[in-house]
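What follows is calculated from the coordinates using simple rules that are stated; it is not laboratory data. This is a predicted model, so every value here is computed, not measured. Methodologically, a virtual Cβ is constructed for each residue, glycine included, from the backbone with ideal geometry; neighbour enumeration extends over all protein chains shown.
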Amino acid sequence: MSAPASPLYILGIDTSCDDTGVGVVELSLDGSVQVRANRIWSQTVHARYGGVMPELASREHVERIDEVMRDALAEAGLQVSDLGAVAATSGPGLVGALLVGLMYGKGLAQALNVPFFASHHLEGHIFAAASEATLQPPYLALVVSGGHTHLFDVPQAGEYVLVGATRDDAAGEAFDKIARLAGLGYPGGPAISEAAARGNPDAVAFKEPLQGQKGFDFSFSGLKTAALLAHRAGAGADDLAASFQRAAVHVLVKTTRRAAEAQGRRTVVVSGGVAANAALREAFAATDLHVVFPGKGLNTDNGAMIALAGAAALRGGREPSSLTAGAMAYAPLAAG
């Protein structure tokens, strides 16, 4: 279908990790989409552990999803009976956490007798940028978050070719670990960004990872080790944050630019939690690429991005998912 016969409201649910996200988008007669609501309950129970505890995450989702659902519908000004489709993340992610949102979404779609779409988490991140611009292939997509650093070529709608990925830590994971090392708190992305504004980016000399590679992979474990050594040598938290942030941003932008040139792409979608980093946005803005970022509140895990992916599935004529679709901890969006 190119567009619905009347405006269609799509509910999206994401419980892949430690955020309970429910969003609503409107798919209009002309095929355009508008985010009507995006409500997120961010779990704080994990801060004491410096990382996500899977069992605690699942319990929090169960306790909060009804409330977040009601808040999203209220923000959109809708009743549950107004919904025309439901989408929920099926993977990748923490299986216990995924099952909460997936089963909730399937039950809701069945009760309403509307189409259900089991959505891929990374495709959701990519379509988060559809809140700001029409995503017209071909383009390149960099998904950079706490659990993922993947670079995809998108030659046509629904087709994804993996051209690069991290060989070890994801970029956001490295931000978290270095923030914890420096005593800056959790989550690490905002903490590093805030501290970096006070620090000297020349204070610690980080070696660029994977220099001279022919491909487009990423590596952050070496930066993490170098940060540990600098910390032990007495580097201050602000200087460590500023130096690490500059090194991480440099390699993300440099590798993406090389990939865009190799694939012949001018447009690049940059999404995921790390895409909220101001230094990364400034660095991409300084390139000759047309870079599209998600709108405010759509960088980190959220339900609106899953609703946007559902809208793209409907618009592209994709068949609804089976209600037997299961959760998948490991679910590649594309083969390397």
Each residue of region 143-159 in order: what ³J(HN,Hα) in whole Hz does its phi give by Karplus 6.51 cos²θ - 1.76 cosθ + 1.60, θ = phi - 60°, with x for Gly and Pro?
-> 9, 9, 8, x, x, 9, 9, 10, 10, 10, 9, 10, x, 8, 4, x, 10
Distance in nm between pseudo-label sites at residue 194 and residue 62 (7 Å out along the Cβ direction from Cα) = 3.3 nm
Lys and Arg at +1, Asp and Glu at -1: add these up for the other residues within a Cβ distance under 14 Å of residue 315 and post the number.
-> -3
For residue 220, distant residues with modelled amide H under 5 Å away = 167, 168, 169
Report ³J(HN,Hα) in whole Hz for each residue of region 60-65, in order, from the Karplus equation J = 6.51 cos²θ - 1.76 cosθ + 1.60 where θ = phi - 60°; Gly and Pro get x.
-> 5, 4, 4, 6, 10, 5
If the chain between residue 233 and residue 44 were fully extended at 0.36 nm per residue, the gain over the current Cα-Cα distance would be 64.9 nm
Quick one: net charge of residue 170's neighbours, Cβ under 14 Å, K/R +1, D/E -1?
-> -3
Divide by every residue of the chain the summed helix terms, -39500 (n - 2.57) for each DSSP H run of at least 4, and state the resulting mean residue ellipticity at 222 nm, rounded to the nearest 500 deg cm²/dmol.
-> -12500 deg cm²/dmol
Relative contact order as a percentage, region 135-292, C-alpha pairs under 8 Å and 6+ apart, gives 28 percent
Cα→Cβ-extended label distance, 7 Å offset, between residue 221 and residue 32, nm | 4.8 nm
Of 106, 296, 177, which has the largest mean-square fluctuation in a 10 Å C-alpha GNM of the chain?
-> 296
Taking square-rooted eigenvalues a ≥ b ≥ c of the alpha carbon gyration tensor, is region 137-258 rounded, prolate or oblate, where a/c under 1.5 means rounded and, failing that, a/b exceeding b/c means prolate?
-> prolate
What does the charge add up to near residue 203, with Lys and Arg as +1, Asp and Glu as -1, over the other residues with Cβ less than 11 Å from its Cβ?
-> -2
Once the in-chain neighbours fewer than 8 apart are removed, the lysines whose Cα is under 25 Å from residue 214 read 224, 254
What residues have an amide H closer than 5 Å to that of residue 139, excluding those fewer than 5 places away on the same chain, when H is modeled at 1.01 Å from N in the peptide plane?
-> 154
Once you put a point 7 Å from the Cα of residue 180 and another 7 Å from the Cα of residue 134, both along the Cβ direction, what distance in nm separates them?
-> 4.5 nm
Karplus-derived 3J(HN,Hα) from phi for region 264-270 (6.51 cos²θ - 1.76 cosθ + 1.60, θ = phi - 60°), whole Hz, x at Gly and Pro, runs x, 10, 9, 9, 10, 8, 10
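Provide the gained length on full extension for the span residue 167 to residue 211, in nm with one decimal, where the gain is 0.36 nm per separating residue minus the Cα-Cα distance.
Numbers: separation 44, 0.36 × 44 = 15.84 nm, distance 1.39 nm.
Working it through step by step, the gained length comes to 14.5 nm.
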How long is the gain from residue 331 to residue 288 if the chain were fully straight, where each residue apart is worth 0.36 nm and the alpha carbon distance is subtracted?
-> 12.2 nm
The chain, relative contact order in percent, only Cα pairs under 8 angstrom and at least six apart counted | 26 percent
Arranged from highest to lowest average of other beta-carbon atoms within 10 Å per residue, in what order do the peptides 246-257, 33-44 appear?
-> 246-257, 33-44
Taking the chain as a Gaussian network, where each spring joins two C-alpha atoms under 10 Å apart, which residue of 139, 186, 49 fluctuates the most?
-> 49
Using 13 Å as the cut-off for backbone N distance, which residues of region 194-216 belong to the label zone defined by a point 7 Å from the Cα of residue 258 along Cα→Cβ?
-> 208-216
